[in-house]
Amino acid sequence: MDKGVKHFLIMAGSTNHMLMGDKLLKDNGIKTSLVPAPAEYGSVCAIAIKVEDKDIDISEKYLRENDISIRGIYEEKPERLTGLIDRLKNSIIRDEFLDVLKKIEDGQDLTHSDIVLLLKTDRKGEMEALFKAADEMRKKIIGDVVDIRGAIEFSNHCKKDCKYCGVRRNLDGLQRYRMTEDEIMEVVHSLHNIGIKTVILQSGEDAWWTSDRIANLITRIKKETGMKITLSLGERPREDYEYFKKLGANNYLLKIETTNEEIFNFIHPDDDINDRKECSQWLKELGYLNGSGCIIGLPGQREEDIANDILYFKDMGINMIGIGPFIPAKGTPLENYPTGDVDMTLKAVAVTRLVCKRVFLPATTALASIDSDLQSDALKAGANTIMLINTPAKYRYNYQIYSDKNMVDLKSAYDAVTGANREFPSYLKIDMEVYKDAGNTEK
Ligand code: 5AD
């Protein structure tokens, strides 16, 4: 979306109306994007339709003519954190750091060098101030509910040889698996039964899963459960993305991993950064809620690169941004490289919330794998969603994209959400309190 243009947020009466409305507007040539809903409506529906000022009247007309219920229309104001500096008056913060916080307080855009300054701090008082600012921004624009989604890693076959990845093509000794459609559906139903609204289907780049096979799966999920579907299947031809969207896929995760071309090329022997960006562009044009993200602690990566990643997410209008630390995976060319820095990851999450504002930010599984408390820390630094891992136990061990990948299950989600003093979504049909005294999370 263009900078400097006024935007409006349209809240429809239900998620279905929101998705139908977004499609209707796009089909009529109106530039829209789906963004997290304003906090006051967060529990009714997680998303809102964002349109430009010049299109708001015609958009409203189209929606009303087509019986899409509208709950409200709001002008999107620059989000300020009024009084932030005052609330930080007991912290020890350098003047130059305070200057950037002041910009955040006033709702001004941050420059590349502002972002670098935030990322480079290793002072306790400043980091806490940064996390607090991000937490306030998250609360203000999304509220306290943590969105919970379920992921199924349905195939670990992959034609690519990404150097960091534990399911890369050339990983000797890895037992490859492919879940059957029925096995996948069994998990989908178990998620649906507990009220989860979104299922994430993730796999390696597996040619066996042709577009028609994926299409059948999408159709079955929609027909049998009506759940929202996030796909994470890597790079595919535009026609595939279009086909899946037509059948009802809602979201797509395709991380850029790093916008530094040299590092991108080093870790991705089969990929071209421009192709990856083009795929993201297609996904955006096709109306997906568009996911990207990056790995923190890649070889040679500097704060300046991470700042570029964050600005790329903002400029591309990315809606979901997964940021996790690099974790060396056994048997990969990067197995002896050091683990990504946890503080840097949390700082990147916080800055992303402050810069990209109205986006979904997961507390990533990679963070949980380093320490089970870190998901809670991410939720306190701007994150607002958790992805459960629902891959059946007999396959899970072979989907270690990084070593010692931790289980993110309902128990660990309970710990993370309550640890951060946050709320479970009302759509969950289980009493989360049963996890209060449950045993340790399975590793
Ligand atoms: N360390 C951290 N993150 C990784 N991913 C894959 N391998 C690793 C690793 N070794 C992340 C990538 C990918 C997502 C599915 O998992 O960001 O997009």
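The values are calculated or read from the model by the stated rules, or taken from the named source; none is laboratory data. A quick note: this is a predicted structure, and the numbers were derived from the prediction, not measured. So basically every Cβ, Gly included, is an ideal-geometry build from the backbone, and we count neighbours across all protein chains shown.
Quick rundown of the values:
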item	result
Residue list for the range 287-335, filter: more than 16 Å from the ligand (Cβ to nearest atom), over 19 Å from ARG276 (Cα atoms) and out of contact with any helix residue (DSSP H, G or I) (no Cβ under 6 Å at 6 or more places or on another chain)	ARG302
Every pair of residues 6+ apart whose Cβ atoms lie under 9 Å, when the first sits in the range 379-404 and is farther than 25 Å from LYS132 by Cβ while the second is of a type in the set (Ser, Thr, Tyr) and more than 15 Å from the ligand (Cβ to nearest atom)	LEU388/SER412; ASN390/SER190; LYS394/TYR177; TYR395/TYR177; ASN398/TYR177; TYR399/TYR177
Count of the range 164-206 residues which are in a loop (DSSP other than H, G, I, E, B), under 22 Å from the mean Cα position of the chain (by Cα) and either modelled with pLDDT under 95 or away from the ligand (no atom under 16 Å from the Cβ) (or both)	4
Given (1) within 16 Å of the ligand (Cβ to nearest atom); (2) small (Gly, Ala, Ser); (3) crowded, with 23+ Cβ neighbours inside 10 Å; (4) part of a loop (DSSP other than H, G, I, E, B), index of the condition SER403 fails	(3)
Hits in the range 227-256 (condition: within 13 Å of the ligand (Cβ to nearest atom) and more than 13 Å from the chain's Cα centre (by Cα))	LEU233, GLY234, GLU235
Cross-chain or 6+ apart pairs with Cβ under 6 Å, the range 60-78 first and assigned to a strand (DSSP E or B), then surrounded by fewer than 16 Cβ atoms within 10 Å (Cβ to Cβ)	ARG71/GLY13
Hits in the range 225-247 - residues which are touching a helix residue (DSSP H, G or I) at 6+ places or on another chain (Cβ under 7 Å) and of a type in the set (Asp, Glu)	GLU235, ASP240
Residues located in the range 144-158, provided they are more than 15 Å from the ligand (Cβ to nearest atom), in a loop (DSSP other than H, G, I, E, B) and surrounded by fewer than 22 Cβ atoms within 10 Å (Cβ to Cβ)	ASP144
ASN274 vs. criteria part of a helix (DSSP H, G or I), modelled with pLDDT of 95 or more, surrounded by fewer than 16 Cβ atoms within 10 Å (Cβ to Cβ) and more than 16 Å from the ligand (Cβ to nearest atom)	yes
Enumeration of residues in the range 176-227 that are of a type in the set (Gly, Ala, Ser) and surrounded by fewer than 21 Cβ atoms within 10 Å (Cβ to Cβ)	SER190, GLY195, ALA207, SER211, ALA215, GLY226
